[in-house]
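Structure, as structure tokens:
Each reported figure results from applying straightforward, stated rules to the coordinates on display, with no laboratory input. Since the model is a prediction, treat every value here as computed from it, not as a measurement. Here the Cβ positions follow ideal geometry from the backbone for every residue, glycine too, while neighbour counts run over all protein chains shown.
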Amino acid sequence: MPGTKILIVDDDKDLVRLLAKRISQEGFEVLAAYDGFQAVHLAHRENPRLILLDIKLPAGGGMGALVNLKNSLKTESIPIIAISALESPDIQLELKRHGVDEFMKKPLDIGALLEKIRRITGTADRSSGE
């Protein structure tokens, strides 16, 4: 979907580069933020179609960014895929309570992530070779 923006939020710049490369190969425009404050600012300014949000972040944190995004009229309807190495049921319950649409554990399965992105953005019928 040309012009469809996806915001990747993670403090691991290597992971952001890898995800950005694969996601842009799918035809999406990729935005990147490396902390919670940048994530909220970019989401408000750019209105992405989807946000991939690491939960353990500096400056505002992932959970803080999630709460800010879901409590703002401008960004509350943007789907969010939470990404974390933490996968306890308590954390997943807390994420759902704050409005996360999907959860994925690190290390990421890129193929599964791309499938979720396609489904959420309505491009699931595209062939991708995954």
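Take a quick pass over the range 5-121 and tell me how many lysine pairs come in under 13 angstrom between Cα atoms, counting only ones 8 or more apart or on separate chains. Mind showing how you got there, number by number?
Details: K13/K21; K56/K105; K56/K106; K70/K96.
Taking the range 5-121 as the scope, the lysine pair count is 4.
How much net charge surrounds E87 when only the other residues with a Cβ under 11 Å from the Cβ of E87 are counted, with Lys and Arg +1 and Asp and Glu -1? Please list the in-between numbers first.
On the way: positive: K105, K106; negative: D90.
Overall, the nearby charge balance is +1.
Classify the range 53-130 as rounded, prolate or oblate, taking a ≥ b ≥ c as the square roots of the eigenvalues of its Cα gyration tensor: rounded when a/c is under 1.5, otherwise prolate if a/b is larger than b/c and oblate if not.
Oblate.
Rounded to the nearest 0.05, what FRET efficiency is calculated for D14 and E94 with R0 set to 30 Å and r the Cβ-Cβ distance? Don't jump to the answer; show the numbers that get you there.
Numbers: r = 27 Å, r/R0 = 0.91.
It comes to 0.65.
Using a/c under 1.5 as the rounded threshold, could you call the range 5-121 rounded, prolate or oblate? The axes a ≥ b ≥ c are square roots of the C-alpha gyration tensor eigenvalues, and prolate needs a/b larger than b/c, oblate otherwise.
Verdict is rounded for the range 5-121.
Build a GNM of the chain with springs between Cα atoms under 10 Å: which of Q38, Q25, Q92 gets the top mean-square fluctuation?
Q25
Once the Cβ-Cβ distance between E87 and R119 is put in as r, and R0 is 30 Å, what FRET efficiency do you end up with, to the nearest 0.05?
Numbers: r = 21 Å, r/R0 = 0.69.
Between E87 and R119 the formula returns 0.90.
Find how many whole Å separate the alpha carbon centroid of the range 32-58 from the alpha carbon centroid of the range 73-104.
Cα centroid of the range 73-104 versus Cα centroid of the range 32-58: 13 Å apart.
Once you've got the GNM for the chain with C-alpha springs shorter than 10 Å, pick whichever of G60, G27, G36 has the biggest mean-square fluctuation.
G27
So what is the 222 nm mean residue ellipticity for the chain from helices alone, if each DSSP H run of at least 4 adds -39500 (n - 2.57) and you divide by all residues, rounding to the nearest 500 deg cm²/dmol?
-12500 deg cm²/dmol
Fewest Cβ neighbours within 10 Å first, please rank I78, I110 accordingly. If you can, show how the numbers build up before the last one.
Values: I78 19, I110 13.
The order, fewest Cβ neighbours first, is I110, I78.
Fewest to most neighbouring Cβ within 10 Å: what's the order for L42, L95?
By the 10 Å Cβ count, ascending, the order reads L42, L95.
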